[in-house]
Amino acid sequence: MSKAIRIYEQGPPEVMKWEDVEISPPGAGEIQVRQEIIGLNYIDTYHRTGLYKIPLPSGIGSEGAGMVEAVGPGVAEFKVGDRVAYGSGTPLQPVGGYAEVRNVPVARVVTIPEGISFEQAAAMMLKGMTVQYLIKRTYKVSAGETVLFHAAAGGVGLIACQWLKALGVTMIGTAGSDEKCALAKAHGAAHCINYKKEDFVARVKEITGGKGVPVVYDGVGKDTFEGSLECLSPFGMMASFGNASGAVPPFDLAKLKGTLHVTRPSLPPYTTPRDHLVTTADDLFDVVKSGKVKIEINQRYPLRDAVQAHRDLESRKTTGSTVLVPKG
């Protein structure tokens with residue numbers, strides 16, 4: 001028997017249950033991973049609340065790192081003892097990362113290279129690969145550009161602060177307190193707007209001399225969407241990749257002013273098939289090993305305390321990355 005978090009209904013954090021589970025041997029194309037560290041992500045709350053529907057009962061969690069304990073029939077890419085990590089939930093790999101042991105399709109797993117710890121890998125796979133596709137493929141940034149990135153002190157945001165600075169991009173961040181803004185600036189944001197004190201649209205226009213920015217990266221959703229459109233320069237792109245404040249409601253296409261672009265990107269299409277996953281992860285691993293991006297892990301919870309971890313995440317008490325620890 002092993003332990004895992006399971007849900008039988010979608011709702012508040014308390015629907016998550018810490019239970020004994022039976023782990024079957026890995027099937028064809030699968031490996032069995034004993035997880036050392038598990039990543040906490042905002043998408044986990046969408047699966048839990050029902051914003052994103054999942055079949056029930058279900059596990060929860062999309063990111064983890066650990067050791068291969070067994071390999072299924074036909075698996076040649078991995079062997080027992082390999083250090084591995086994963087960072088996305090797809091129909092091929094349902095959510096279920098909040099577990100001591102789990103079976104994972106090899107198509108969604110990568111080898112952790114030397115120089116990257118289990119904790120770093122579990123804290124950055126989903127968040128770091130999200131930054132990679134946003135700034136290198138959704139809208140490929142260029143040195144000298146100025147961009148707007150919401151939730152700059154969160155797990156995705158702090159990686160973006162550093163990576164954009166390394167690429168020579170001026171990042172304007174937003175956050176909900178002076179302390180969070182200071183954290184974002186310490187990690188490379190050139191500017192950070194405390195949206196509880198300032199009108200972020202007016203400040204972006206001020207910083208850019210009225211020009212606006214060519215791209216807004218928005219993981220907040222409902223509360224920032226329309227203001228973000230106002231921050232765009234002509235032919236700019238709005239990349240709405242998250243719903244931390246709730247889903248974006250329907251809106252009038254006329255607000256795009258005949259030139260603006262809106263996209264709703266997500267990680268799974270950018271990391272499918274597996275060679276795209278490996279390329280994306282390798283780029284992330286390389287920038288972390290170079291020292292240009294450091295993974296800020298500011299909260300650690302025992303896995304059995306996932307309920308409290310979700311409460312703290314949703315109440316905006318966390319910064320940087322948060323991990324869940326199966327042991328102890």
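The values are calculated or read from the model by the stated rules, or taken from the named source; none is laboratory data. Because the structure is a prediction, the values reported are computed rather than measured. Neighbour counts are summed over all protein chains in view; Cβ atoms, including those assigned to glycine, are modelled from backbone coordinates with ideal geometry.
If you filter the stretch 186-205 down to residues that are within 19 Å of G219 (Cβ to Cβ) and within 21 Å of the chain's Cα centre (by Cα), you find that the one that is surrounded by the fewest Cβ atoms within 10 Å (Cβ to Cβ) is G188.
State whether one or more residues within the stretch 19-32 are buried (at least 18 other Cβ atoms within 10 Å of the Cβ), in contact (Cβ under 8 Å) with a residue 60 or more places away in the chain and among the aliphatic types (A, V, I, L, M).
Of the stretch 19-32, the ones buried (at least 18 other Cβ atoms within 10 Å of the Cβ) are 26, 30-32.
Then keep just the ones that are in contact (Cβ under 8 Å) with a residue 60 or more places away in the chain; that gives 26, 30-32.
Among the residues that remain, those that are also among the aliphatic types (A, V, I, L, M) are: 31.
Yes, the stretch 19-32 contains a residue that is buried (at least 18 other Cβ atoms within 10 Å of the Cβ), in contact (Cβ under 8 Å) with a residue 60 or more places away in the chain and among the aliphatic types (A, V, I, L, M).
For the stretch 245-292, filtered to residues that are of a type in the set (V, I, T), more than 15 Å from the chain's Cα centre (by Cα) and in a loop (DSSP other than H, G, I, E, B), the residue that is farthest from I37 (Cα to Cα) is T259. Being under 17 Å from T318 (Cα atoms) and acidic (D, E) is the filter here; which residues of the stretch 156-200 pass it? Of everything in the stretch 156-200, those that are under 17 Å from T318 (Cα atoms) and acidic (D, E) turn out to be D178, E179.
Which residue out of V147, V141, V156 is part of a strand (DSSP E or B) and modelled with pLDDT of 95 or more?
Working: V141 fails: part of a strand (DSSP E or B); V156 fails: part of a strand (DSSP E or B).
Answer to the selection: V147.
Among residues of the stretch 259-271 that are under 17 Å from M125 (Cα atoms), those with a beta-carbon under 6 Å from a residue that is among the β-branched types (V, I, T) and not in a loop (DSSP other than H, G, I, E, B) at least six positions away or on a different chain give the pairs P265/T138; L267/T130; T271/T280.
Out of (1) surrounded by 15 or more Cβ atoms within 10 Å (Cβ to Cβ); (2) farther than 25 Å from S315 by Cα; (3) in contact (Cβ under 8 Å) with a residue 40 or more places away in the chain, the odd one out for A239 is which? Here A239 meets the rest and fails (2).
Scanning the stretch 15-68 for residues that are part of a strand (DSSP E or B) and charged (D, E, K, R) yields K17, E19, D20, E30, R34, E36. Reported count of residues in the stretch 200-235, each being closer than 27 Å to S321 by Cα, assigned to a loop (DSSP other than H, G, I, E, B) and touching a residue at least 24 places away in the same chain (Cβ under 8 Å), is 5. The listed residues are T146, T138, T130, and the only one of them that is of a type in the set (S, T, Y), over 17 Å from the mean Cα position of the chain (by Cα) and within 17 Å of D218 (Cβ to Cβ) turns out to be T146.
Yes or no: the stretch 107-114 includes at least one residue that is surrounded by fewer than 24 Cβ atoms within 10 Å (Cβ to Cβ), of a type in the set (A, V, I, L, M) and modelled with pLDDT under 95. Yes: the stretch 107-114 contains one or more residues that are surrounded by fewer than 24 Cβ atoms within 10 Å (Cβ to Cβ), of a type in the set (A, V, I, L, M) and modelled with pLDDT under 95. Can you find even one residue in the stretch 86-103 that is surrounded by 19 or more Cβ atoms within 10 Å (Cβ to Cβ), outside any loop (DSSP other than H, G, I, E, B) and among the β-branched types (V, I, T)? Looking for residues that are surrounded by 19 or more Cβ atoms within 10 Å (Cβ to Cβ), outside any loop (DSSP other than H, G, I, E, B) and among the β-branched types (V, I, T), one finds none in the stretch 86-103, hence no.
What are the pairs with Cβ atoms under 9 angstrom where one residue, in the stretch 308-326, is among the acidic types (D, E) and the other, located anywhere, is part of a loop (DSSP other than H, G, I, E, B)? Sequence gap at least six, or different chains. Final answer for the pair search is D312/T318; E314/A244. Scanning the stretch 226-261 for residues that are more than 25 Å from V131 (Cα to Cα) and acidic (D, E) turns up just one, D252.
For every residue, the table says whether it meets (1) surrounded by fewer than 20 Cβ atoms within 10 Å (Cβ to Cβ); (2) farther than 24 Å from N41 by Cα.
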{"position": "V215", "(1), (2)": "no, no"}
{"position": "G246", "(1), (2)": "yes, no"}
{"position": "P250", "(1), (2)": "yes, yes"}
{"position": "L256", "(1), (2)": "yes, yes"}
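Based on what the data block shows, is I43 crowded, with 16+ Cβ neighbours inside 10 Å, of a type in the set (A, V, I, L, M), modelled with pLDDT under 95 and farther than 23 Å from M124 by Cα? No; evaluated as a whole, the condition is false for this residue.
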